[in-house]
Ligand SMILES: *Cc1c(COP(=O)(O)O)cnc(C)c1O
């Protein structure tokens, strides 16, 4: 079995320059995160607040944490100010709440808007139409303590690379359209987070700038 350091080296060698790596460490123990940290990894992704907060305390302070899970509105206050990026803002209501809580806490939150293009009906996120409508209305202009850095999305959970490519292409197209609509008022809107262990190569080919990889680094999760 290969080590975490070897896995990281192998993945990094497959990422073109300009594509960042978020190591998705959910359900893995702090020891595994330390191994990745010692191999140079600084950006980690977690999907559950009750797991993230103790890990923040246990790991060195120069780790950049990304929150990638569904965020319940009653957990927003505990999360703002603790992470470098909230990747999973899946409704305008949640965005407004993050903004209000960030203002209250005296911090600026960096976020990605989560896009829903996959076939599954249960997945969270804005549709491409909702996203484009948000930028057409210039709704970002009223945010006071939130910086929208880009979009995050997932491909359909099916074993079909053509389907993944179609989904990733749709995510990238919606991002490009929003960037066009925002124009020069939308500074720092430059991140397209897409691609996981099984589909990151396709995601990169379709314009990902940031991949979120768990299993290929840490092995299978023990739920
Ligand atoms: C768990 C998770 C990942 C990582 O998935 P792997 O298949 O283990 O690479 C990526 N993104 C999100 C949003 C996740 O919840």
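Once every Cα of region 83-126 carries one equal point scatterer and solvent is ignored, give the base-10 log of I(q)/I(0) from the Debye formula at q = 0.19 Å⁻¹, two decimals.
-0.59
Multiply the residue separation of residue 38 and residue 138 by 0.36 nm, subtract the distance between their alpha-carbon atoms, and state the gained length in nm to one decimal. Kindly include the intermediate steps, with their values, before the conclusion.
Numbers: separation 100, 0.36 × 100 = 36.00 nm, distance 4.26 nm.
Result: 31.7 nm gained on full extension.
Roughly what would the spin-label model give for residue 158 and residue 77, points 7 Å off Cα along C-beta, in nm?
4.4
How do 76-83, 1-8 rank on mean C-beta neighbours within 10 Å, highest first?
So the order, starting with the most tightly packed, is 76-83, 1-8.
Along its three principal axes, how long is region 118-181 when you only count alpha carbons? Whole Å, largest extent first please.
So the three principal-axis extents are 41, 24, 18 Å.
Counting each DSSP H run of 4 or more residues in the chain as -39500 (n - 2.57), what helix-only mean residue ellipticity at 222 nm follows after dividing by all residues, to the nearest 500 deg cm²/dmol?
That calculation yields -11500 deg cm²/dmol at 222 nm.
Counting other C-beta atoms within 10 Å, which of 42, 104, 172 has the fewest, and how do the rest follow?
Working: 42 15, 104 11, 172 20.
Exposure proxy ranking, most exposed first: 104, 42, 172.
Hey, can you rank 52-58, 105-111 by average C-beta count inside 10 Å, highest first?
Working: 52-58: 14.7, 105-111: 17.3.
Top to bottom by mean Cβ count within 10 Å: 105-111, 52-58.
At q = 0.15, 0.24, 0.29, 0.30 Å⁻¹, what is the base-10 log of I(q)/I(0) for region 1-40 according to the Debye formula with one equal point scatterer per Cα and no solvent? Please give it to two decimals.
-0.37, -0.87, -1.11, -1.15
Stretch residue 166-residue 58 to full length: gain in nm at 0.36 nm per residue minus the Cα-Cα span? If you can, show how the numbers build up before the last one.
On the way: separation 108, 0.36 × 108 = 38.88 nm, distance 3.98 nm.
The span from residue 166 to residue 58 would gain 34.9 nm if fully extended.
Looking at the P(r) of region 125-223, how many percent of alpha-carbon pairs lie beyond 15 Å?
Values: 3062 of 4851 pairs.
Here the tail beyond 15 Å accounts for 63 percent of pairs.
Expressed as a fraction of 2.2 N^0.38 Å, the rule-of-thumb size for a compact globular protein of N residues, what is the C-alpha radius of gyration of region 1-68?
On the way: Rg = 11.9 Å, N = 68, 2.2 N^0.38 = 10.9 Å.
This ratio for region 1-68 stands at 1.09.
Identify the residues of region 39-65 with backbone N under 13 Å of a label point that sits 7 angstrom from the Cα of residue 84 along the Cα-to-Cβ direction, or state none.
40-46, 60-65
Within 10 Å of each residue's Cβ, count the other Cβ atoms and sort 37, 223 from fewest upward. If you can, show how the numbers build up before the last one.
Working: 37 19, 223 5.
Ranking 37, 223 by Cβ neighbours within 10 Å, fewest first, gives 223, 37.
Using the C-alpha atoms of region 64-106, what convex hull volume per residue, in cubic angstrom, is computed?
Working: hull volume 2.6 nm³, N = 43.
Once divided by residue count, the hull of region 64-106 is 61 Å³.
Would you calculate the convex hull of the Cα atoms in region 59-132 and tell me its volume per residue in Å³?
On the way: hull volume 7.9 nm³, N = 74.
Here the figure is 107 Å³ per residue.
Can you give me the three principal axis dimensions of region 18-57 from its C-alpha atoms, in Å, biggest first?
31, 19, 16
Let me check I have the definition right: for region 184-223, take the eigenvalues of the Cα gyration tensor, multiply each by 5, take square roots. What are those semi-axes in whole Å, largest first? Before the final figure, lay out each step's value.
Details: eigenvalues 143, 30, 6 Å².
Ellipsoid half-lengths, sorted descending, are 27, 12, 6 Å.
How many percent of the alpha carbon pairs in the chain exceed a separation of 25 Å? If you can, show how the numbers build up before the last one.
On the way: 9413 of 24753 pairs.
Here the long-distance tail beyond 25 Å is 38 percent of all Cα pairs in the chain.
Using just the Cα positions, wrap region 12-123 in a convex hull and report its mean projected area in square nanometres, one decimal place.
Values: hull surface 33.6 nm².
Spelled out: convex hull of the Cα atoms, projected over all directions, averaged, 8.4 nm².
Laboratory data are not the source of any read-out in this text; all were calculated from the coordinates shown. It should be emphasised that the depicted structure is a prediction, and the values quoted were computed from it without experimental measurement. Neighbour counts are summed over all protein chains in view; Cβ atoms, including those assigned to glycine, are modelled from backbone coordinates with ideal geometry.
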